[in-house]
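What follows is one structure encoded as structure tokens, with my remarks underneath.
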Amino acid sequence: MSQLPAPPATRTMGASGIQVSPIAWGMWRLAEDGRSTAEAAALVHAALDAGITLLDTADIYGFDGTSGFGDAEALLGEVLAAEPALRGRMVLASKGGIMPPLPYDQSTAYLTAALDASLRRLQTDMIDLYQIHRPDILAHPQEVARVLDDALSAGKIRAIGVSNFTQAQTAALNHFLDHKLVTTQPEISPLRIDCFENGELDQAMMLGLTPLAWSPLGGGRLVKPDSVRETAVAAELDRIAAEQGVCRSVAAYGWLMAHPAGIVPIIGSQQAARIAEGASALGMRWTRQDWYAVLVAARGVNLP
Ligand code: NAP
């Protein structure tokens, strides 16, 4: 049976020229559990030592509904301040545009201040990839584009991305940007397959956006399936994982990476061994039959 192409050793984020590993590590949960700077540093080292160079955070990571806004960025900033050489080993991605308790704010004043605050917390003078976290329906995309273009021209950011945008919102922002979008970050996993058929990934390929997949294990549900559908998806992944000597979570990352859009799964684990294990997804190979078998299990109905 013929195999789908193996993922490349590195991917380039859109037209930015910025090279990243084909799998990323996310820090949504970094500031949980009272993690110390040294413990956070150990996780950063685990990712970098495993060859993972794209590290994803956001200003809102750490927010628990009442406090903690900025805590994940601040913790990473402490890691970078203690060990400045780490900064050059990573492509640093962050996000802004959600202002609790108000849901979203991408007005010029808010977004400009949010980016400056992220830079301060991260203790760096430049964020490699700055993403709008969720669309602000009340912000004109031309206004958002101006802020982002100005930030790029000022050297505060190197590239621009979006997350959780509809296709029309992505196209509208991209239309107004001088420095075009290079990434989009939707939720994609074997349990969240909408974007394979709703046009999101087709748009990413058309615009040359690198898709970064958030919650590639469904936020952990894939590891503990508790519905008929989730159990069926897990069983298909387990079958293929056993054949290739990997575990289910690695098979899930590998499944995403086999898609022609060049999906970069963002590992969510905050355990060093699991982060390192995730990088082994690069060694997986997929046949069309196996890839579609997982898709069919996730759909719950056969393809037409
Ligand atoms: P995930 O990989 O779907 O879930 C990770 C969770 O699964 C962790 O709690 C992890 O716990 C658990 N887990 C259990 N067994 C595991 C195993 N064998 N391997 C790996 N994890 C296992 O990802 P996520 O944390 O929901 O999201 C990943 C990243 O996506 C975030 O860090 C963030 O960067 C990004 N994200 C973005 C958005 C957005 O709106 N743009 C939203 C959500 C997330 P342990 O830590 O104990 O391993």
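The values are calculated or read from the model by the stated rules, or taken from the named source; none is laboratory data. Note that the structure is predicted; figures quoted are calculated from it, not measured. We place every Cβ from the backbone using ideal geometry, glycine too, and count neighbours over all the protein chains shown. These area figures cover heavy atoms from the full protein model, side chains too; ligands, DNA and RNA do not enter into them. Shrake-Rupley method; radii C 1.70, N 1.55, O 1.52, S 1.80 Å.
Any idea how many residues of segment 1-37 are more than 15 Å from the chain's Cα centre (by Cα), in a loop (DSSP other than H, G, I, E, B) and more than 18 Å from LEU48 (Cβ to Cβ)?
Looking only at that region, the number is 15.
Name the pairs whose Cβ atoms lie under 6 Å apart, with the first residue in segment 264-293 and within 16 Å of the ligand (Cβ to nearest atom), the second open to solvent by 60 Å² or more (accessible area, probe 1.4 Å) and aromatic (Phe, Trp, Tyr), and 6 or more positions between them or separate chains?
Going by the 6 Å Cβ cut-off, the qualifying pairs are ILE266/TRP214.
Could you list, in sequence order, all residues of segment 222-240 that are surrounded by fewer than 20 Cβ atoms within 10 Å (Cβ to Cβ) and aliphatic (A, V, I, L, M)?
VAL223, VAL228, ALA232, ALA235
For segment 173-212, enumerate the residues that are touching a His at 6+ places or on another chain (Cβ under 9 Å) and either open to solvent by less than 10 Å² (accessible area, probe 1.4 Å) or within 23 Å of THR12 (Cβ to Cβ) (or both).
Within segment 173-212, GLN185, ILE188, PHE196, LEU201, PRO211 meet the criteria.
Is segment 261-271 home to any residue that is assigned to a loop (DSSP other than H, G, I, E, B), surrounded by fewer than 24 Cβ atoms within 10 Å (Cβ to Cβ) and aliphatic (A, V, I, L, M)?
Checked segment 261-271: at least one residue is assigned to a loop (DSSP other than H, G, I, E, B), surrounded by fewer than 24 Cβ atoms within 10 Å (Cβ to Cβ) and aliphatic (A, V, I, L, M).
For the condition in contact (Cβ under 8 Å) with a residue 60 or more places away in the chain, open to solvent by 10 Å² or more (accessible area, probe 1.4 Å) and small (Gly, Ala, Ser), what is the one hit in GLY62, GLY51, GLY68?
Being in contact (Cβ under 8 Å) with a residue 60 or more places away in the chain, open to solvent by 10 Å² or more (accessible area, probe 1.4 Å) and small (Gly, Ala, Ser) holds for just one of GLY62, GLY51, GLY68, which is GLY51.
Filter segment 245-258 down to residues that are of a type outside the set (Phe, Trp, Tyr) and in contact with a strand residue (DSSP E or B) (Cβ under 8 Å, 6 or more places away or on another chain) and give me whichever is farthest from the ligand (Cβ to nearest atom).
Out of the qualifying residues, it is MET257.
Can you pull out the strands (runs of 3 or more DSSP E) entirely within segment 80-192 that have at least 2 residues that are within 30 Å of ALA293 (Cα to Cα) and touching a residue at least 12 places away in the same chain (Cβ under 8 Å)?
183-185
Could you check segment 218-237 and list, in sequence order, the residues that are more than 8 Å from the ligand (Cβ to nearest atom) and among the small types (Gly, Ala, Ser)?
SER227, ALA232, ALA234, ALA235
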